[in-house]
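Remarks on the structure that follows.
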Amino acid sequence: MSDEPTEDQDGHPGGGREYRIGELANAAGVPVRTLRYYQERKLLPPPRREGRIGLYSEDHLARLRMIGNLLDRGHTLEGIRELLSAWEQGRDIGTVLGVEKAVTTPWSQEVPVTMTLDELAALFPGQVDPKSVERAIALGHIEVDGDRVTHWSRRQLDATVTLVQAGVPLEEVLSAGQELQRSMDDLAAMFIRLIATHVVGRIDDQDLGELTEVLARLRPGAQVTVEAGFARAMDRQVRAAIDQLLGRLTAP
């Protein structure tokens, strides 16, 4: 966005309505101090000057509204500054935001489930106590709000119930979950390194649309790789366990 004033058909600078700083703040719905802060952070270009009076254009108002929308989406001010910088350099901000969406869209599609603490305890008779609840909270499995408990995944909760009903103590399931979480974090970090090094790192800044498409294609591929690899590992481990069991049964 150019900081130079434009002229409308009547020859007046600004190419549309112009605002003093208080008027611009009111139109954008932000305090004047916030507007000044954005200027200090170079999120907002300086106004056109007529003597000691600063006059802001419709472009300034549009930018302020864009900043507000990006803040609502969870962007930081530094991230917004970089996006606006890309826009000023002639890049399509929609494409830039498309890359951001492709990267930050949650991978997990799990459906949470909410119940009372008593209902949770009924799923694991005699095994839910303050210690186990605190541990489940620390691991991120549940959130507690008064007497209401929300588990992050209906599927994982059902799997946990099945394991406990089969005879695996809840404490052991939580321990296994903690170890699995560490392994999954390591695996996810490896995929991020691969993508950052060999995909993001080699795509030119002008190919942001292509980068968005590549990231979208990689998402299901990464999930399938993990699921298939885990299934294959389970096959190996099950066969090894059965061979060991048969060895004990047939031993003289």
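The values are calculated or read from the model by the stated rules, or taken from the named source; none is laboratory data. This is a predicted model, so every value here is computed, not measured. Using ideal geometry, Cβ is built from the backbone for each residue, glycine included, and neighbour counts are taken over all protein chains shown. Surface accessibility is based on the protein's heavy atoms, side chains included, excluding ligands, DNA and RNA. Shrake-Rupley method; radii C 1.70, N 1.55, O 1.52, S 1.80 Å.
If you scan the stretch 190-213, which residues turn out to be modelled with pLDDT of 70 or more and either open to solvent by less than 40 Å² (accessible area, probe 1.4 Å) or not in a helix (DSSP H, G or I) (or both)?
The answer is ILE195, VAL199.
When the stretch 79-107 is examined, which residues are found to be modelled with pLDDT under 70, more than 15 Å from the chain's Cα centre (by Cα), on the phi < 0 side of the Ramachandran plot and open to solvent by 50 Å² or more (accessible area, probe 1.4 Å)?
Taking the stretch 79-107 as the starting set, the residues that turn out to be modelled with pLDDT under 70 are 86-107.
Subset that is more than 15 Å from the chain's Cα centre (by Cα): 86-96.
Pick out the ones that are also on the phi < 0 side of the Ramachandran plot and you get 86-89, 91-96.
Correct list: TRP87, GLU88, GLN89, ARG91, ASP92.
Just to be sure I understand the filter: pairs with C-beta atoms under 6 Å, separated by 6 or more residues or on different chains, first member in the stretch 108-127 and open to solvent by less than 80 Å² (accessible area, probe 1.4 Å), second member among the small types (Gly, Ala, Ser). Which pairs pass?
Cβ pairs passing all conditions: GLU110/SER153.
Within the stretch 130-147, how many residues are farther than 26 Å from SER183 by Cα and open to solvent by 70 Å² or more (accessible area, probe 1.4 Å)?
So the answer is 3.
Just to be sure I understand, how many residues within the stretch 41-73 are modelled with pLDDT of 90 or more and of a type in the set (Asp, Glu)?
Matching residues across the stretch 41-73 total 1.
Return the residue satisfying two criteria in turn: it lies in the stretch 148-169 and is of a type in the set (A, V, I, L, M, F, W, C) and touching a residue at least 40 places away in the same chain (Cβ under 8 Å), and of such residues it is surrounded by the fewest Cβ atoms within 10 Å (Cβ to Cβ). Steps first, answer last, please.
Taking the stretch 148-169 first, the residues of a type in the set (A, V, I, L, M, F, W, C) are 149, 152, 157, 159, 161, 163-164, 166, 168.
From what is left, the residues that are touching a residue at least 40 places away in the same chain (Cβ under 8 Å) are 152, 157, 164.
Numbers: TRP152: 16, LEU157: 19, VAL164: 18.
Going through the qualifying residues, I end up with TRP152.
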